[in-house]
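S.K.: Below you'll find the structure I mean.
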Amino acid sequence: MKLLLDTCTFLWMAADSPALSARARRACIDPGHTLDLSALSAWEIAIKARLGRLHLPLEPGAYVRTRRRMMGIEPLPFDETDALHDAVLPPHHRDPFDRGLVSQAILHGMTIVTPDRALSAYPAPILW
């Protein structure tokens with residue numbers, strides 16, 4: 001299964017947080033699954049760190065890259081096709097980062113690992 005990590009899922013995995021559900025943790029450590037982190041999540045982390053809403057032990061670029069590599073997570077670019085797919089999504093969710101993840105999951109055949117139940121209104125598989 002191809003898993004697309006929501007930003008909070010990545011951060012909780014990186015911090016080994018108990019906020020990560022047992023089901024999500026099992027899916028993410030399953031060697032039969034591939035893990036991806038969208039460039040959108042990296043951007044969201046950078047923005048939140050700059051605004052002081054997220055405190056990391058390293059600068060955001062180093063933190064994302066080192067933690068992603070340590071956990072065997074691949075980077076997923078966000079391209080023009082992903083961006084333009086937003087135009088066909090119904091307005092169930094207002095967060096542009098989450099809508100972008102939904103677009104990527106749909107277009108790339110991925111399951112989103114997220115606690116955000118609002119995303120289940122879209123035709124993208126959700127795992128939590």
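S.K.: Only Lys, Arg, Asp and Glu count, each charged at its Cβ (+1, +1, -1, -1), so figure out the dipole size of the chain about its Cα centre, rounded to 20 debye.
M.R.: Charge dipole, the chain, about its Cα centre: 420 debye, nearest 20.
S.K.: Quote the relative contact order of the range 2-127 in percent (integer), defining contacts as alpha-carbon pairs under 8 Å separated by 6+ residues.
M.R.: 31 percent
S.K.: Pick from Pro77, Pro90, Pro115: which is most flexible by mean-square fluctuation in a GNM of the chain where alpha carbon atoms under 10 Å apart are linked?
M.R.: Pro90
S.K.: Listing Cys8, Cys28 from the residue with the fewest other Cβ atoms within 10 Å to the one with the most, what is the order?
M.R.: Ascending Cβ contact count within 10 Å gives the list Cys8, Cys28.
S.K.: Another question, if that's okay. Would you mind computing, in nm to one decimal, how far apart the modelled labels at Leu54 and Arg117 are, each placed 7 Å from Cα along Cα→Cβ?
M.R.: Label at Leu54, label at Arg117, 2.5 nm between them.
S.K.: Go ahead and estimate [θ] at 222 nm for the chain from helices alone: -39,500 (n - 2.57) per DSSP H run with n ≥ 4, summed, over the residue count, rounded to 500.
M.R.: Calculated from helices alone, the mean residue ellipticity at 222 nm is -13000 deg cm²/dmol.
Computed from the coordinates by the stated procedures, all read-outs in this text should not be read as laboratory data. Keep in mind that what you see is a predicted model, and the values were worked out from it rather than measured. Cβ coordinates were reconstructed from backbone atoms using ideal geometry, including for glycine residues, and neighbour counts include every protein chain displayed.
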